[in-house]
1. Provide a whole-number value for the mean count of partner chain Cβ atoms within 10 Å of the Cβ atoms in peptide A:89-98.
2. For B:ASP207 and B:ALA250 in one chain, what is 0.36 nm times their gap in residues minus the Cα-Cα distance, to one decimal in nm?
3. If you place +1 on the Cβ of every Lys and Arg and -1 on the Cβ of every Asp and Glu, how big does the dipole about the Cα centre of the protein assembly as shown come out, in debye to the nearest 20?
4. Which one of B:GLY13, B:GLY38, B:GLY115 has the biggest mean-square fluctuation once chain B is modelled by GNM with Cα springs under 10 Å?
5. In debye, nearest 20: dipole of chain B around its Cα centre with unit charges on the Cβ of K, R (+) and D, E (-)?
6. Nearest 10 degrees, 0 to 90: what angle lies between the long axis of helix B:242-256 and the longest principal axis of chain B (Cα atoms)?
7. In the structure displayed, which of A:LYS171/B:LYS262; A:LYS272/B:LYS262; A:LYS153/B:LYS153 lie more than 26 Å apart, Cα to Cα?
8. Just checking the output field for B:103-115: average partner chain Cβ neighbours within 10 Å of each residue's Cβ?
2 protein chains.
Amino acid sequence: MKAKVVGIIGGNGSMGRWFKPFFETNGLKVVISDLNAGLGVHDLAAVSDVVVISTPIDVACDTAREVGPLLRKDQLLTDVCSLKETILDAMLAHTAASVIGTHPMFGPYSDTIDGQNMILCPERPGDWLPWLETLFTNAGARVTQMKPADHDKHMALAQGLTHMVSISLGKMLKEMQLTPADVWAVSTPIFRLNLELIGRFLAQNHDLYASLIGQNRHVAGTMDQFREAMACGQAAILDGDKSTAIAFMAELKTYFGAFCDKSLATSNRFLKLHAQSKLDPASV
Amino acid sequence: MKAKVVGIIGGNGSMGRWFKPFFETNGLKVVISDLNAGLGVHDLAAVSDVVVISTPIDVACDTAREVGPLLRKDQLLTDVCSLKETILDAMLAHTAASVIGTHPMFGPYSDTIDGQNMILCPERPGDWLPWLETLFTNAGARVTQMKPADHDKHMALAQGLTHMVSISLGKMLKEMQLTPADVWAVSTPIFRLNLELIGRFLAQNHDLYASLIGQNRHVAGTMDQFREAMACGQAAILDGDKSTAIAFMAELKTYFGAFCDKSLATSNRFLKLHAQSKLDPASV
């Protein structure tokens, strides 16, 4: 049987460069298209069984409009964007090919897909869904299928709110004129971890984050929900008497159940490793 | 030279049990006092060179009032409470002994003090400060001295706000009726880490946290600063155009400087370890 050909549009981008060896290791041929590199989109469409849009999220819909009409019904068009509603609409509208949205829930710094999450939005899967799912699950990923709107709602929480908390903590430290070096020696292990997550966020692609947070229509509502939860928490912990505070935490612990003790055990392991790393921002 | 004797009041508590072998390993003799265990406070005060108050934070001031008057001027009275203003006031008021407040910036699950932060508040140090500081620095801790009020302000950020964010995220998930198992498969590595930090927090001593957050008079103001920073961030990232969002992140990155790339490198290491741990809340 002839090896399937995967064509990555944006093959020189960070996720494109991540996926090329992944596909090759899994027995596929890979061709790429990029600005001034690889094949033109017409040629790529002609030789590929599967076309992956791996461009910046802002131009992904334009790319779908360009490549979609070039594809036959037996081909698969997919993408690796961090938001799924808009790109799925564009792909479905502009091609007769099968369409499955893909969101790898990890960034280009992960060595392997093993242990990572993949979300698939099989909006017009044709016969391609088992093939795509098997490709990822065989490599150790956990694959979950959902509708694009459900995906984007989840991302408003997992990415949007998470990043907004990091951004807000960073902004707050700047307003307080406290650098990481200033607070490092008076930090708990968890706070040092949070500082590193702010630094990590800021070190990465601001353009991507501006899109994936700013263009997710569910983030504003998620922020409102977080503010409500903060007000509840503050009323219970800061403004209540101590028994109110303890009852509030106990109720949450009951809701989180056995996950709490399990988390304590696993987080002990990584906090020990983290303490030994001894990153010292005063020395960077 | 006779080995110094350290008397731990609350020696059977979690930090008391942590510090007993620490002191012994460092050549000190340890006696303890606890409810129905060890020496009475009078006997402990008589035989100890250094008395450490390691009781729950709520009774630490009463303990200082009880043991303080029993101590001679050549002894040292210290404590390991997570807040320092109130206990230092109490210790200074009720003893003629030297007084240094100590805050170990780690919990009882840390194997070693190596790489950890210790804060000392040497309010009436006598000749004891070099001895206490050397004890901790020789074991690999980073020791920082400050005034009790500065300590409590820092803790409003490093502990108070940090824990309030975890509590609020937990409350929000409960309101949304989303369990860790529900969101695990649609989480990024960072969000999974945050979920574990919520679980870790809830697994621990609610009474302690109710005190150290709720009794820190600086936490409410810190929460207000965080809300302001969130509003700024939201205006820039969600309500601005994309160039506003990118400029906002770039300005923060400039402020955080070289710490960003350093954090990306160190956090890559622990996120890889974390991905391999494959905690699955559906299976707990």
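The values are calculated or read from the model by the stated rules, or taken from the named source; none is laboratory data. Computed from a prediction, not measured in an experiment: that's the story for all the values here. Here the Cβ positions follow ideal geometry from the backbone for every residue, glycine too, while neighbour counts run over all protein chains shown. All accessible areas refer to the heavy atoms of the entire protein, side chains included, with ligands and DNA or RNA removed. Shrake-Rupley method; radii C 1.70, N 1.55, O 1.52, S 1.80 Å.
1. On the way: counts 0, 0, 0, 0, 0, 0, 0, 0, 0, 0.
Taking the mean over all residues of the peptide, I get 0.
2. Details: separation 43, 0.36 × 43 = 15.48 nm, distance 4.09 nm.
Extra length from B:ASP207 to B:ALA250 when fully extended: 11.4 nm.
3. Values: 50 positive and 58 negative charges, 190 e Å.
Dipole about the Cα centre, nearest 20: 920 debye.
4. Between B:GLY13, B:GLY38, B:GLY115, it is B:GLY115 that shows the largest mean-square fluctuation.
5. Details: 25 positive and 29 negative charges, 109 e Å.
It comes to approximately 520 debye.
6. So the inclination is approximately 30 degrees.
7. Working: A:LYS171/B:LYS262 19 Å; A:LYS272/B:LYS262 19 Å; A:LYS153/B:LYS153 36 Å.
From A:LYS171/B:LYS262; A:LYS272/B:LYS262; A:LYS153/B:LYS153, over 26 Å: A:LYS153/B:LYS153.
8. Values: counts 2, 1, 7, 5, 5, 0, 8, 5, 4, 3, 1, 3, 9.
Neighbouring Cβ atoms belonging to other protein chains average 4 per residue here.
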